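The values are calculated or read from the model by the stated rules, or taken from the named source; none is laboratory data. The model shown is predicted, which means the values in this text are computed figures rather than measured ones. Reconstructed Cβ throughout: ideal geometry from the backbone, glycine too, with neighbour counts over all protein chains shown.
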Amino acid sequence: MFFLSDIDQKKLLNQILPKARKVGVSEELRGWNWYKSPLKPYYDDTKIPMYSVCSQYCPTRRDVFVNIVKGAKGVPSKKVIQGSAIHETVRTAFNTFIEGQFTSFESWYSSVITSKGVVNIDPIIKERSRNVWQLTWAYCESRLRDLSSRQPYASKRDIIATALPFLIEHRITGELLGLSGLLKIDCFDYLRDIVFDIKVSDESLDWYRLYPTGYSLVIESVYEVPVDVGCTVYIRFKDDNLIIDKDLFFINDDLRSWWVEERDEKLKIVSQKLDPGFPNICSEDCMYRLECRVEENLNQ
Ligand code: SF4
């Protein structure tokens, strides 16, 4: 998932990094300037989750009002349930490999995923999760063998740390930027300083870039190191085939400003309990359709 292909490497080295070095990022939009405008959150007493800042499913941002102000949980669609299972699978496959636990997919899936209620043993989701697990392990084994053969005198710890330089589901606080709870970053490649975010989606959407952008700002705010490259990892399924596409990009000023604008608008909705109203068209995948429909009918 997080290994760069030959083409990705070429794009990174010949397009994205040269552009990032030439254009640069405005100092005021580096996460370590969280205590100054424009990064400083307006509302000290209000915090919201990263998904609320980045999600663009609702054109009026009413999803934030319904979820946070009114406390609605929403009804997850099958796509959301599948996405949760795939995220959990990637996290566990990587971490068990890195920690040297030779867990089988079958035993883990039935004991952990099912008990968490993430999946009601949907056979298609299970089969897709198995494919993701097997691919992740195959990549990890291949990388480890390749690096071991080229560095025969390195320690095991050193080999793992360089062959698989990934912090998986890294926990980090986003409170300096007005975010709530401990965030989970799908993956941070600490050798190349790339933030990865997984999307289990057939669609490639521009706003998915807001997630790696937000995480890069958070990493900069906490660790005070620059993070200039983000990557959305698309996991797709066509019949029985698993397809991985990557959108690798420079986290430029425009993306950073967009993220800050979204955060400010949504913090305002929550802090002032503002109902932004209904859009003309609601997304079929919106989790809050039930709540909104009931309210809309009551208001008519
Ligand atoms: S149902 Fe419509 S108005 Fe309500 S949160 Fe979803 S997209 Fe927005």
Residue in the range 244-263 that is surrounded by 19 or more Cβ atoms within 10 Å (Cβ to Cβ) and farther than 29 Å from residue 234 by Cβ present: no
Complete set of residues in the range 99-136 that are in contact with a helix residue (DSSP H, G or I) (Cβ under 6 Å, 6 or more places away or on another chain) and modelled with pLDDT of 90 or more: 129, 130, 132, 133, 136
Checking residue 243 against (1) part of a strand (DSSP E or B); (2) touching a residue at least 24 places away in the same chain (Cβ under 8 Å), the condition it does not meet: (2)
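Do the conditions hold for residue 76, that is, is it more than 30 Å from residue 134 (Cβ to Cβ) and either modelled with pLDDT under 95 or part of a helix (DSSP H, G or I) (or both)?
No, not satisfied.
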Test: residue in the range 108-124 that is touching a residue at least 12 places away in the same chain (Cβ under 8 Å), among the hydrophobic types (A, V, I, L, M, F, W, C) and in a strand (DSSP E or B): no
Members of the range 43-66 that are near the ligand (Cβ under 8 Å from one of its atoms) and out of contact with any helix residue (DSSP H, G or I) (no Cβ under 9 Å at 6 or more places or on another chain): 59, 60
Pair list, Cβ < 7 Å and 6+ apart or interchain, from the range 76-103 residues that are in contact (Cβ under 8 Å) with a residue 60 or more places away in the chain and over 11 Å from residue 168 (Cβ atoms) to residues that are among the hydroxyl-bearing types (Ser, Thr, Tyr) and surrounded by 16 or more Cβ atoms within 10 Å (Cβ to Cβ): 86/129
Residue in the range 281-296 that is more than 29 Å from residue 13 (Cβ to Cβ), exposed (fewer than 12 other Cβ atoms within 10 Å of the Cβ), within 14 Å of the ligand (Cβ to nearest atom) and without any contact (Cβ under 8 Å) to a residue 12 or more places away in the chain present: yes
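Residues 222, 195, 218: which one is in a helix (DSSP H, G or I), closer than 21 Å to residue 55 by Cα and of a type in the set (Val, Ile, Thr)?
Only one candidate qualifies: 218.
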Lone qualifier among 171, 256 - being more than 17 Å from residue 1 (Cα to Cα), among the charged types (D, E, K, R) and in a strand (DSSP E or B): 171
Enumeration of residues in the range 78-101 that are of a type in the set (Asp, Glu) and closer than 15 Å to residue 122 by Cβ: 88
Among residues of the range 67-86, those that are within 13 Å of the ligand (Cβ to nearest atom), among the small types (Gly, Ala, Ser) and touching a helix residue (DSSP H, G or I) at 6+ places or on another chain (Cβ under 6 Å), counted: 1
Residue 71 vs. criteria at pLDDT below 90 and surrounded by fewer than 14 Cβ atoms within 10 Å (Cβ to Cβ): no
Residue match in the range 232-255 (condition: touching a Pro at 6+ places or on another chain (Cβ under 8 Å) and closer than 18 Å to residue 178 by Cα): no
